[in-house]
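Here's the structure, in C-alpha cells; my notes come after.
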Amino acid sequence: MCDYLAVSALIGKDFFDGKGKYSDLLYLSMEESQTNGKSLLTRGCCASQLITDKAKSTQHFSCSKLDAHNWLSSIPASASQPIFDCVEVRFKNSHKDFYRIPSDVQVEKNDIVAVEASPGHDIGIVTLSGETARLQMKRKKVDPSSDAIKKIYRLARPNDIEKWIKSAEREDATLLKARKLVSDLGLKMKVNDIEFQGDETKAIFYYTAEDRVDFRQLIRVLADSFHVRIEMRQIGVRQEAARVGGIGSCGRELCCSTWLTSFTSVTTNVARTQQLSLNPQKLAGQCGKLKCCLNFEYDAYTDAQVDFPDTNVLLKTKKGDATFQKMDVFKEIFWYTYLNDPGNFIALPVKKVKYIVSRNLAGKKPDDLESFMIKTVEKKVLNGIEEGDLTRFDHKK
C-alpha cells in the first residue's frame, strides 16, 4: 500500500506488507530517499522520516494536501447491497478523478493503481472507495453509469512504481527549464506547475496568462527538450495559489491548498457586511483576489444584522442630529456622532437606537443621546500578585 511505498522511499528500506501486494518493492539509498520523499509529498504521502514501524502509517488524516477521510469506515456494509464499482484516485496536488474497478481487480483505500490515460497509463493513489466514493460522485454530479468514466487497469507493479517516482523527480528540474524556454521565446505567460504521467509518456504544463498566448512554438521546443507528449493547461490565479501553496496572513497553510475544493465568488459587499476596512492589501490573498475566508462568517454576520435598524437614518434629538459611524455586530452596539461634534463618539445599544428611530417617526425628539449611551466601566488595574491568582477568572466581571 502507499504506506509501505512511502516508508521505503523515505527511509531507504525494503518492506513487505504480508499480503504479497508489494513484495520486493523498492530499494533506495539514503541519499536518494531524501529527494524521493519530497517528490512524493505532492502525491499525498507524508514527509516524516521518523516512521520506521510497519504498524504506523505515512498517510495520516490531514497530513497531506486535499486528504480524504472515510467517515463511513466504522459502519458495516449491507450484505444485500452490491459493492460500488467506482473509486476516487488522486494524482499530483489537487488532481483527482473517478475510475471504474474491473471485476477481476480488488482495490482498497491507499492502494497504488495503474489507471487508464490518453495515451498510455497513469499511476495514482486510491483515496475513496465504496459508499464514500458514491457520495463524492453524487456531490460532484458525476454519473456512476456514464461510459466516460475511465477504468483501473491493475494494481501498480514494482516497475510501474519505479517509473512513477522517477517521473516525479523530473518535475522540479523540468519546471525551471520550461520557465527559461518561455522567457527565451518572449511569451507573456507563467508556468506554475508540471505533472508527469506515471508512465513518463506525457507531461501536463499548468500555466497562467492574462491574454491569449500562441504557444505552438513552445510545445515543439518542449517536446524536443523532454521527449514526451506535451499538454498545456491554463489555470486561474486562484488555482495557481492552490497548486503552489503557501502561508496565509493567519499563519496557517492556504485553505485552497489543504482542504478547499471549490471557489465561491467573493465580493466587497461581504467585507462591508462584516464591518471590515476596504483595504485591498489586507483583504487580498496570495492570489491577488479577495480572500476566500471572507465568506466563512458571512452568514453569521448577515443573520445577526437582520433586526438592525437602517444605518442611513439620522437620529434626531433636541441637541442636534446624529449620524452613524460604526458598529459592533455581535455586541449589538452602534456608535453615533453629532453633526456639529464629529469627534465625540456615543455608544448606543441597538434597542435604544430602535426606540429613538420610532420616536422620530412619531414626530418626537429625545433631549440628547447621552441619556441612552452605554456607560463604560473602568477596568481594574491588577498588581503583580493579583495577575498570578489562579481564581482571578472565577468571578464575573
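Look at Ala203 and say whether it is surrounded by 13 or more Cβ atoms within 10 Å (Cβ to Cβ) and in a helix (DSSP H, G or I). Write out each step before concluding.
Working: surrounded by 13 or more Cβ atoms within 10 Å (Cβ to Cβ): yes; in a helix (DSSP H, G or I): no.
The answer is no for Ala203.
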Among the candidates Leu155, Leu128, residue that is touching a residue at least 24 places away in the same chain (Cβ under 8 Å) and buried (at least 20 other Cβ atoms within 10 Å of the Cβ): Leu128
In this structure, is Glu231 in a strand (DSSP E or B) and either more than 26 Å from Arg90 (Cα to Cα) or out of contact with any helix residue (DSSP H, G or I) (no Cβ under 6 Å at 6 or more places or on another chain) (or both)? yes
Testing Lys92 on (1) within 14 Å of Gly198 (Cβ to Cβ); (2) surrounded by fewer than 21 Cβ atoms within 10 Å (Cβ to Cβ), one condition comes back false. Which one is that? (2)
Which of (1) in contact (Cβ under 8 Å) with a residue 60 or more places away in the chain; (2) part of a loop (DSSP other than H, G, I, E, B) is the odd one out, the single condition Lys318 does not satisfy? (1)
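Which strands (runs of 3 or more DSSP E) does region 66-118 wholly contain that include 2 or more residues that are aromatic (Phe, Trp, Tyr)? If you could, list the steps in order and put the result at the bottom.
Values: elements: 86-90, 96-100, 112-116.
It comes to 96-100.
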Checking the condition surrounded by 12 or more Cβ atoms within 10 Å (Cβ to Cβ) and part of a helix (DSSP H, G or I), which residue from Thr302, Thr323, Thr311, Thr337 passes? Thr302
Which one is nearest to Val213 (Cα to Cα), of the residues in region 236-248 that are exposed (fewer than 15 other Cβ atoms within 10 Å of the Cβ) and touching a residue at least 12 places away in the same chain (Cβ under 8 Å)? Gly236
Across region 136-170, what is the number of residues that are under 23 Å from Ser257 (Cβ atoms), in contact with a helix residue (DSSP H, G or I) (Cβ under 7 Å, 6 or more places away or on another chain) and not hydrophobic (A, V, I, L, M, F, W, C)? 1
If Ile149 satisfies every condition in (1) within 25 Å of Phe226 (Cα to Cα); (2) in contact with a Phe, Trp or Tyr (Cβ under 8 Å, 6 or more places away or on another chain) but one, which is the exception? (1)
Do any residues in region 338-355 that are closer than 13 Å to Lys326 by Cα have Cβ atoms under 7 Å from those of residues that are of a type in the set (D, E, K, R), where the two are at least six apart or on different chains, and which pairs are they? Ile346/Glu370; Pro349/Glu332; Val350/Glu332
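Do we find that Cys256 is within 28 Å of Gln136 (Cβ to Cβ), touching a residue at least 40 places away in the same chain (Cβ under 8 Å) and not assigned by TED's automatic domain parsing to the domain that holds Ala114 in this structure?
Working: within 28 Å of Gln136 (Cβ to Cβ): yes; touching a residue at least 40 places away in the same chain (Cβ under 8 Å): no; not assigned by TED's automatic domain parsing to the domain that holds Ala114: yes.
Answer is no for this residue.
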Looking only at region 243-263, count how many residues are modelled with pLDDT under 85 and either farther than 17 Å from Phe296 by Cα or not in a helix (DSSP H, G or I) (or both). 8
Residue selected from region 95-106 under the condition closer than 19 Å to Gly198 by Cα and modelled with pLDDT of 90 or more, by the criterion surrounded by the fewest Cβ atoms within 10 Å (Cβ to Cβ): Asp97
Conditions (1) farther than 25 Å from Lys140 by Cα; (2) charged (D, E, K, R); (3) in contact with a Leu (Cβ under 7 Å, 6 or more places away or on another chain); number of the one not met by Lys291: (1)
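The values are calculated or read from the model by the stated rules, or taken from the named source; none is laboratory data. Small disclaimer: the values here were computed from a predicted structure and weren't measured. Backbone-built Cβ (ideal geometry, glycine too); neighbour counts: all protein chains shown.
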